[in-house]
Amino acid sequence: MAKSILITGGARSGKSTLAERMTLSLGRPAVYVATAEAGDAEMADRIARHQARRGLEWRTHATPLELCAALRATDSAPRLVDCVTLWLSNLMFAERDWEAEVAALCDLLPTLSAPVVFVTNELGSGIVPENALARRFRDMAGWTNQRLGAACDEVWLCVAGQPLKIKPPGG
Amino acid sequence: MAKSILITGGARSGKSTLAERMTLSLGRPAVYVATAEAGDAEMADRIARHQARRGLEWRTHATPLELCAALRATDSAPRLVDCVTLWLSNLMFAERDWEAEVAALCDLLPTLSAPVVFVTNELGSGIVPENALARRFRDMAGWTNQRLGAACDEVWLCVAGQPLKIKPPGG
Amino acid sequence: MAKSILITGGARSGKSTLAERMTLSLGRPAVYVATAEAGDAEMADRIARHQARRGLEWRTHATPLELCAALRATDSAPRLVDCVTLWLSNLMFAERDWEAEVAALCDLLPTLSAPVVFVTNELGSGIVPENALARRFRDMAGWTNQRLGAACDEVWLCVAGQPLKIKPPGG
């Protein structure tokens, strides 16, 4: 059973940089499983900057929705999934059964041969959003992080670019 | 002097589940001190799901405002107060002197015979709200968490469903 | 090379109180480097409350923009910079090159003779703001915290008024 790691934190807290370092420490080359779609200029710019930082030690596997299939298809090298929150957002807009998809992902983890590092986001520590959809998505993201946190071997929180190990405790 | 514990974290970070486990570990049956009012469908649904999860080891004591009285009236079994933020919101809408109520709560803690576990929320780690009332409530919640954090024996932060001990340090 | 410390946390999480205690523990009297401008009643009130709490062991050096110059000019006593987020906001509104200013600040730190304690804010753990300017500022603040987190000797997170050491780890 391969190691699985969940990395969470606020916006621009250094999650992706930490995740890239951790993934490469588990084997090279690694696979960058991108859940983003370059749908607008802001996102395209962010993806381009990420790619420039990653360099030649990475292959990219783009999958806005089929995360479980992507992990099965790439199960010979360490994977970095960036990020869970965008995947969840894609599932919601595609009107997929996100709870079933998250459960399937958690069930898949113990069957994998190669490690997986997930990047996710803290979205639930601000004031309660006035917008009902935002409130619902905040709940979805929180539940998903809980389920992945239970399923993964390690959970890390990024604060000001610095990693803090949450699970296992005392590390 | 009975143990008092403060559990904080973002939305859907696993605070209530952790609080229920900690409260039951301090004695059974326990008392669920509910500060929520089932005022709308979203909240009624949330309360019903919480009750379904708690089962028969719990008695429920509902009190949107009179938290100190509720803790005095139930001081023979461990209490779970869920949650401080809703209590504060109820105090604000009832135009009560919330600072005096929080101070009274902190003063009450060392006089109690049975333990108390408080659930509260992190509301202050998002962008500054444009709405002045939201900004004020965010400040109120932060101050209240500080005061309870100082008054309680333990403070825990939930991240992706995993508990992290903040106070006492090094634990 | 003098010690540098970054203290972060949500609104009203106890950052300033912790920062004041840490700064005074590094030497007295200390210098309070205020980046706030008393531009509206809410902020003026906040500044007045901060000053009342600080008392006579502090000198105040106000600088909405010229933080590097302020640190060079006061380099014989411990400094508390409160706060980085307001400085960044002032730079943005003055249309200054904030990335260059943050880089200059990080370069300055190893050259200082007296210690510096920075207070900053967690702004990136709520739901993604709908407002593009808020989104941009959230990114700016996150990057700045990362850079300062890398440059400083210590990073602390305040939760419910309680300090948690993030860097160096295991402390």
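Just so you know, all these numbers are worked out from the coordinates, no wet-lab data involved. Source: prediction; values computed, not measured. Note: ideal-geometry Cβ built from the backbone for every residue, glycine included; neighbour counts use all protein chains shown.
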Item to check | Peptide-level mean, for A:114-122, of C-beta atoms on other protein chains within 10 Å | outcome: 2
Checklist entry - Using θ = phi - 60° and the Karplus curve 6.51 cos²θ - 1.76 cosθ + 1.60, what whole-Hz ³J(HN,Hα) does each residue of region C:2-9 get, with Gly and Pro shown as x? => result 7, 5, 10, 10, 10, 10, 10, x
Checklist entry - By the scheme Lys and Arg +1, Asp and Glu -1, what is the net charge of all other residues having a beta-carbon under 13 Å from that of B:A94? => result -4
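Report relative contact order for region C:4-167 in percent, whole number only (criteria: Cα-Cα under 8 Å, sequence separation at least 6).
Details: 265 pairs, mean separation 60.3, N = 164.
Relative contact order comes out at 37 percent.
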Checklist entry - What aspartates and glutamates sit close enough to B:K167 to cross-link, taking a C-alpha to C-alpha distance under 18 Å and skipping anything fewer than 8 places away on the same chain? => result B:E122, B:D153, B:E154
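Report the local net charge at B:A103: Lys and Arg +1, Asp and Glu -1, summed over other residues whose C-beta lies under 11 Å from its C-beta.
-3
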Checklist entry - Which of the pairs A:K15/B:K3; B:K3/C:K3; B:K165/C:K15 have their Cα atoms more than 30 Å apart in this structure? => result A:K15/B:K3; B:K3/C:K3
Checklist entry - Once label points are set 7 Å from the Cα along Cα→Cβ at both A:D107 and B:A44, what is their separation, rounded to one decimal in nm? => result 3.4
Checklist entry - In terms of the ratio Rg/(2.2 N^0.38 Å) built on C-alpha atoms, what value belongs to the protein assembly as shown? => result 0.98
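Within 10 Å of each Cβ in peptide C:128-135, how many partner chain Cβ atoms are there on average? Round it to a whole number, please.
On the way: counts 11, 9, 3, 2, 1, 1, 5, 3.
Mean partner shielding for this stretch: 4.
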Next on the checklist: Restricting to Cα pairs below 8 Å that are 6+ residues apart, what does the relative contact order work out to for region C:96-171? Please round to a whole percent.
Outcome noted: 24
Next on the checklist: How big is the dipole moment of region B:4-167 about its Cα centre under a simple scheme where the beta carbon of each Lys and Arg is +1, that of each Asp and Glu is -1, and everything else is neutral? Debye, nearest 20, please.
Outcome noted: 560
Checklist entry - Between region B:2-53 and region A:143-171, what's the alpha-carbon centroid distance in Å? => result 22
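Let a ≥ b ≥ c be the square roots of the eigenvalues of the Cα gyration tensor of chain C; is it rounded (a/c under 1.5), or, if not, prolate (a/b larger than b/c) or oblate?
Working: a/c = 1.25, a/b = 1.20, b/c = 1.04.
Because its axes are fairly even, with a/c under 1.5, chain C counts as rounded.
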Next on the checklist: If you take each beta carbon of peptide C:138-149 and count the beta carbons of other chains within 10 angstrom, what is the mean?
Outcome noted: 5
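Within 10 Å, count the other beta carbons around each residue, average over each peptide in A:19-26, B:105-112, and list them highest first.
Values: A:19-26: 19.1, B:105-112: 15.5.
So the peptides A:19-26, B:105-112, ranked by packing, come out A:19-26, B:105-112.
In whole percent, what relative contact order does region A:61-126 give with Cα contacts below 8 Å and a gap of six or more residues?
Details: 54 pairs, mean separation 31.4, N = 66.
Dividing the mean separation by the residue count of region A:61-126 yields 48 percent.
Grab the DSSP H runs of chain C that are 4 residues or longer, score each as -39,500 (n - 2.57), total them, divide by all residues and round the 222 nm result to the nearest 500 deg cm²/dmol. List each step's numbers first, then the result.
Working: 6 runs with 73 residues, N = 171.
Helices in chain C give a 222 nm mean residue ellipticity of -13500 deg cm²/dmol.
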Next on the checklist: In chain C, if the dipole is taken from +1 on Lys/Arg beta carbons and -1 on Asp/Glu beta carbons about the Cα centre, which of C:V117, C:A36, C:C68 is farthest to the positive end?
Outcome noted: C:V117
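Taking R0 as 45 Å, what FRET efficiency do you get between A:F93 and B:R96 from their Cβ-Cβ distance, rounded to the nearest 0.05?
Numbers: r = 43 Å, r/R0 = 0.95.
According to the calculation, E is roughly 0.60.
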